[in-house]
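Structure below; questions to follow.
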Amino acid sequence: MPKKKKKKEASEGNFMTALVMGIITAVFGMVLGIASLAVEPAAEVRNMPEPDKIEPKTVYYVIGKDNGSYKGLLRAFLEQKPGTIKLSEEDLNRWAADNFKFSNNKAGEDDAGLVTLKPTTPNFHIANGIMTIGMSVEVSVFGKKQKMRFQTSGYFAPSGSGFSFQSIDSYLGSAHLPPVAVYPAVSNTLYSVFENTEQYPGLNLSWVTLSNVALDGDALLLTR
């Protein structure tokens, strides 16, 4: 009996070791795969090509237009006026360009030995009831820097804090980000930069009091 028990324990130990090593190998392979594709830039276009012109295995990024006017709409939003505010991608991009500019590291700061993600001004594209949020990101890995394009497409849905963006597809460069673990880690890191701006508290206070947030065609509708 003792010999059989030892053989069983050894067999179970070998199985667990193989399982753990398999998981580690799979995760390591996934990370390498994402890293190799992330440095491959997405094809930046003003409009998506016609279906017969789309290149296979090519990731496209549509740059949103930015010649809108937003100040009156922003005032109505911050003052929490009742009704529906209709925002185009032009309005959102002009607002973002005027309000979200991030400077480089202050003198003496050093990213060596760290993995950091630094976003630039976000860009919005809205079409067919789907919003794409994109931004150029400086990725620093142990002091070595590389610029990549982050983009995520999705819609808005009710959440515990009002309404939140629900991602359908996300990319870093040409790498598709898995929706479990990887996308949340990347997006939370990037969005936290915006949450630390002086504009955020006022915007968030007005956001959480909205009764509905919806994407209609090529517009964002904010209802109170």
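The values are calculated or read from the model by the stated rules, or taken from the named source; none is laboratory data. Only a predicted model underlies this, so the values are computations on that prediction, with no experimental measurement involved. Note that each Cβ is placed from the backbone with ideal geometry, even for glycine, and that neighbours are counted across all protein chains shown. All accessible areas refer to the heavy atoms of the entire protein, side chains included, with ligands and DNA or RNA removed. Shrake-Rupley method; radii C 1.70, N 1.55, O 1.52, S 1.80 Å.
From the square roots a ≥ b ≥ c of the eigenvalues of the alpha-carbon gyration tensor of segment 45-185, which class results: rounded (a/c under 1.5), prolate (a/b over b/c), or oblate?
Details: a/c = 1.66, a/b = 1.21, b/c = 1.37.
Note, shape of segment 45-185 comes out oblate.
Note down the relative contact order for segment 122-168 as a percent, whole number, built from C-alpha pairs under 8 angstrom at least six residues apart.
Relative contact order comes out at 27 percent.
If you don't mind, there's one more thing I want to ask. Keeping all protein chains in place, calculate the accessible area per residue for segment 145-224 (probe 1.4 angstrom), answer in Å².
Heavy-atom accessible area per residue stands at 51 Å².
Related question: Over 30 Å between Cα atoms: which of 57/101; 53/144; 65/147; 53/147; 53/118; 65/118 fall into that group? Could the numbers behind the result be given before it?
Details: 57/101 33 Å; 53/144 36 Å; 65/147 22 Å; 53/147 27 Å; 53/118 33 Å; 65/118 23 Å.
In this structure, 57/101; 53/144; 53/118 lie more than 30 Å apart at Cα.
What per residue convex hull volume, in Å³, comes out for segment 146-224 when only alpha-carbon positions are used?
125
Kindly identify segment 62-102 as rounded, prolate or oblate by the Cα gyration tensor criterion: order the square roots of the eigenvalues as a ≥ b ≥ c, call it rounded if a/c is under 1.5, otherwise compare a/b with b/c, prolate if a/b is larger, else oblate.
oblate
What length, rounded to one decimal in nm, is gained on full extension from residue 98 through to residue 37, with 0.36 nm per residue of separation minus their alpha-carbon distance? The partial results should precede the final answer.
Details: separation 61, 0.36 × 61 = 21.96 nm, distance 3.19 nm.
Stretched fully, the residue 98-residue 37 segment lengthens by 18.8 nm.
Counting only protein chains, not ligands or nucleic acids, how are 118, 53 ordered by accessible area (probe 1.4 Å), most first?
Order by accessible area, largest first: 53, 118.
Which order do peptides 182-188, 172-178, 202-208, 151-157 fall in by mean Cβ count within 10 Å, highest first?
Going by the mean number of other Cβ atoms within 10 Å, highest first, we get 172-178, 151-157, 182-188, 202-208.
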